[in-house]
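K.L.:
I have a structure here, written as structure tokens, and I will follow up with some questions on it.
Rule-based calculations on the coordinates, nothing more; no lab input. Because the structure is a prediction, the values reported are computed rather than measured. With ideal geometry, Cβ positions are generated from the backbone for all residues, glycine too; neighbour counts draw on all protein chains shown.
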Amino acid sequence: MELRQLKYFIKAAERSNFTEAAAILNISQSTLSQQIKQLEDELGIPLFDRIAKRVFLTEAGRLFLPHAIHTVRKSEDGRAMIRELSDIQAGSLTIGLTYGLSPLLTRALIRFSEKYPKIKITIEFGTSDALLRLISESKLDFALSFVSVRQTQSYVSYPLFKSVLSLIAHQDHPCAAHQTTTIADLAKLPLVLPVKGYSIRAFLDKALSEVNVIPDIVMEMNDIDMLLKLVDTGKWCTVLMKTSLFNYPSLVAVPIIGDEMERQATITWPTDVYRKKSAIEFAAFLEMAALS
């Protein structure tokens, strides 16, 4: 059993298509098929059911997949560890991010890149749930979000700072002149909100239900930047964390007062995975940025 075969098997399982998997891996479809057949012969059992142009994991394939992922992950951890024995001047980082923490990441990125200009950084935006799935699949070095501080078999989250749930309005909107507002006041306003699935939406919905407030939701979307552009027209308001205002100087965040209106921003690490020295160093820059 070779590491190469395990990587081919994992990619084929992800795509459910040998041709697509081969293209991503930059090999021929026949090579991928041959290597997976050799793996199946060695294991003595089919890993895929081949139906027309699609392939589907057999029961054995489903059981074998997490072990294959674990083996490949450990191999990659070992290589990363060896590469970092000398220094952390090169390499790569993949960071998950919810939009509301863009300002924090931007501050840290500027400082980190000045010190380590040769480290390639990839940013993956997503909802908190989507980022946790990527963390569990070891596709991120760490993630920044508003998931609660916790530890599971797949990940562990640590606190960074707290942010206040806020009404976001254009500076010329009447609400922008208020020092604070309440959950009950939201019922009077036409709102554009993130779709259900965003953790901020779940947080808001819970706060609304606790005081029996039915908001006037005129639009929902899964693009926070577009949502803020609409609010920037002055026609609508939204509800986000105060930290979500990024590149919109004409928008104002009015804190919503009440019990449990603060949310904890966290950094989440995959468990049982080697933490790159560069990732640990980046986390230190994040902590400094959170204090600034």
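K.L.:
Can you compute the FRET efficiency between residue 223 and residue 74 using 1/(1 + (r/R0)^6), with r the Cβ-Cβ distance and R0 = 41 Å? Round to the nearest 0.05.
P.N.:
0.65
K.L.:
Based on C-alpha coordinates, I'd like the Rg and Dmax of the chain, in Å.
P.N.:
23.0, 71
K.L.:
In addition: What ranking of 8, 158 emerges when the number of other C-beta atoms within 10 Å of each C-beta is taken as an exposure proxy, fewest first?
P.N.:
Ranking 8, 158 by Cβ neighbours within 10 Å, fewest first, gives 158, 8.
K.L.:
Could you check the spin-label model distance between residue 185 and residue 30? Points 7 Å from the Cα along Cα→Cβ, value in nm.
P.N.:
Distance between the two pseudo-spin positions: 7.1 nm.
K.L.:
A further question on this structure: Given the rule -39500 (n - 2.57) for each run of at least 4 DSSP H residues, summed and divided by the residues of the chain, what is its mean residue ellipticity at 222 nm, to the nearest 500 deg cm²/dmol?
P.N.:
-13000 deg cm²/dmol
K.L.:
What percentages, rounded to whole numbers, describe P(r) for segment 3-83 computed over all alpha carbon pairs with 10 Å bin width beginning at zero?
P.N.:
Per 10 Å bin, starting at 0, the Cα pair percentages come out as 19, 51, 25, 5, 0.
K.L.:
Next up: When we measure straight from the Cα of residue 37, which lysines land under 19 angstrom away, once same-chain ones fewer than 8 places off are left out?
P.N.:
Filter leaves 7, 11, 53.
K.L.:
Along its three principal axes, how long is segment 161-263 when you only count alpha carbons? Whole Å, largest extent first please.
P.N.:
Per principal axis, max minus min of the Cα coordinates gives 31, 31, 28 Å.
K.L.:
Sorted from largest to smallest, which semi-axis lengths in Å does the alpha carbon gyration tensor of segment 1-158 give for its equivalent ellipsoid, taking the root of 5 times each eigenvalue?
P.N.:
34, 19, 15
K.L.:
Regarding segment 96-222, what is the average projected area of its C-alpha convex hull, in nm²?
P.N.:
10.0 nm²
K.L.:
Spin-label point model (7 Å from Cα, Cβ direction): what's the residue 205 to residue 281 distance in nm?
P.N.:
Computed distance between label sites residue 205 and residue 281 equals 4.2 nm.
K.L.:
Let me ask something additional. Select from 150, 54, 263 the residue whose mean-square fluctuation is largest in a Gaussian network model of the chain (Cα-Cα springs shorter than 10 Å).
P.N.:
Looking only at 150, 54, 263, the biggest GNM fluctuation is shown by 54.
K.L.:
Would you mind computing, in nm to one decimal, how far apart the modelled labels at residue 63 and residue 16 are, each placed 7 Å from Cα along Cα→Cβ?
P.N.:
2.2 nm
K.L.:
Taking every DSSP beta bridge with both residues inside segment 161-263, roughly what % is antiparallel (nearest 5)?
P.N.:
60 percent
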